[in-house]
1. Taking only pairs six or more apart or across chains, which ones have beta-carbon atoms under 7 Å, a first residue in segment 223-241 that is touching a residue at least 60 places away in the same chain (Cβ under 8 Å), and a second residue that is of a type in the set (D, E, K, R)?
2. Of the numbered conditions (1) open to solvent by less than 10 Å² (accessible area, probe 1.4 Å); (2) within 16 Å of the ligand (Cβ to nearest atom), residue 190 satisfies every one except a single condition; which is it?
3. Restrict the check to segment 167-189 and report whether at least one residue is closer than 20 Å to residue 66 by Cβ, of a type in the set (A, V, I, L, M, F, W, C) and touching a residue at least 40 places away in the same chain (Cβ under 8 Å).
4. Which of the residues spanning segment 15-47 are in a helix (DSSP H, G or I), aliphatic (A, V, I, L, M) and exposed (fewer than 14 other Cβ atoms within 10 Å of the Cβ)?
5. Among the residues that make up segment 195-212, is at least one of them within 16 Å of the ligand (Cβ to nearest atom), surrounded by fewer than 23 Cβ atoms within 10 Å (Cβ to Cβ) and either in contact (Cβ under 8 Å) with a residue 60 or more places away in the chain or closer than 21 Å to residue 13 by Cβ (or both)?
6. Quickly run through segment 233-254 and pick out the residues that are within 12 Å of the ligand (Cβ to nearest atom), hydrophobic (A, V, I, L, M, F, W, C) and open to solvent by less than 20 Å² (accessible area, probe 1.4 Å).
7. So, residue 73, is that one part of a loop (DSSP other than H, G, I, E, B), over 30 Å from residue 52 (Cβ atoms) and at pLDDT 95 or above or not?
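The values are calculated or read from the model by the stated rules, or taken from the named source; none is laboratory data. Only a predicted model underlies this, so the values are computations on that prediction, with no experimental measurement involved. Neighbour counts are summed over all protein chains in view; Cβ atoms, including those assigned to glycine, are modelled from backbone coordinates with ideal geometry. Accessible surface areas use protein heavy atoms only, side chains included; no ligands, DNA or RNA. Shrake-Rupley method; radii C 1.70, N 1.55, O 1.52, S 1.80 Å.
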Amino acid sequence: MRDLLIAGNWKMNGSSAMSAELVDGILAGMPAAAGIRMLVCPPFPYLALVAGKVAGTRLMLGAQTVSEHESGAFTGEVSVSMLQDNGCRYVIVGHSERRSLLGESSDVVAAKFGAARSAGLVPILCVGETLDDREAGRTEAVIAEQLGAVVDAHGATAFRDAVIAYEPVWAIGTGRTATPDQAQAVHAYIRGTLAALDASVAKAVQILYGGSVKGDNAAALFAMRDIDGGLIGGASLKAADFLAIAQGAVAARN
Ligand code: PGA
């Protein structure tokens, strides 16, 4: 059985004080259950502070994006080795906000995925359709394109030890969650697409659901066969809310 991963994407929120308080709160209430992992992805300036707090604990650290380049004249960018130097094990790539607001193409996202993967940082590849896509029946085509860019660049084996997050854009920050059946259908499509290329990779890859996950809908989502945890935005900013989602994971496993 795959482990469940509960990942918090803090986005551009917080301060030093808030980061410290939030991590202390999560550490104080983290479930000890086997098979449930927890991860926080703070903004870059707070990575070192959070790394200090999570060292020696089961709470893991990740970043929200990374440069596809190793080093050099890329003002404002942060490299894979800098993230590793600051205690990160994971990095989110291709979040829909970066695709839509910052113009990241699937090819750029694939390059970031490859840079992370080849250095041993676990990429969390975000994929997901807009409401227009869904209503036009284009959900699978959009996912196929986003996933396909990574497969074309790095092969299906690149998903060994990687994570995928299915985040329907219409569910992000809207309070409108995909139903467990709607999410499961897309997760099964993603796993099936990979299975056609590499069955063992498809079986092992964690596929998270993201989009308005809360304490009261988490257990039903995580109980679905192909949903292996969640990528949480708004509800990851308060320890009690994030921990309620972790309890949903515990319930889904029992
Ligand atoms: P949300 O965000 O939980 O606030 O909907 C999820 C995400 O964007 O990763």
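1. If the second residue must be of a type in the set (D, E, K, R), the pairs left are 228/2; 231/167; 233/11.
2. Here residue 190 clears every test but (2).
3. Here is the first cut: in segment 167-189, the residues closer than 20 Å to residue 66 by Cβ are 167.
Still in the list and also of a type in the set (A, V, I, L, M, F, W, C): none.
Within segment 167-189 (the criterion being closer than 20 Å to residue 66 by Cβ, of a type in the set (A, V, I, L, M, F, W, C) and touching a residue at least 40 places away in the same chain (Cβ under 8 Å)), the answer is no, since none of the residues qualifies.
4. Filtering segment 15-47 down to residues in a helix (DSSP H, G or I) leaves 16-29, 44-47.
Keeping just the survivors that are aliphatic (A, V, I, L, M) gives 17-18, 20, 22-23, 26-28, 47.
Matches in segment 15-47: 17, 28.
5. yes
6. Residues satisfying the conditions are 235, 242, 245.
7. Considered against the rule, which asks whether it is part of a loop (DSSP other than H, G, I, E, B), over 30 Å from residue 52 (Cβ atoms) and at pLDDT 95 or above, residue 73 comes out as yes.
Let's see how each residue does on (1) within 16 Å of the ligand (Cβ to nearest atom); (2) in contact (Cβ under 8 Å) with a residue 40 or more places away in the chain; (3) touching a Ser or Thr at 6+ places or on another chain (Cβ under 7 Å):
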site: 7; (1), (2), (3): yes, yes, no
site: 22; (1), (2), (3): yes, yes, no
site: 25; (1), (2), (3): no, yes, no
site: 45; (1), (2), (3): no, no, no
site: 52; (1), (2), (3): no, no, no
site: 56; (1), (2), (3): no, no, no
site: 59; (1), (2), (3): no, no, no
site: 82; (1), (2), (3): no, no, no
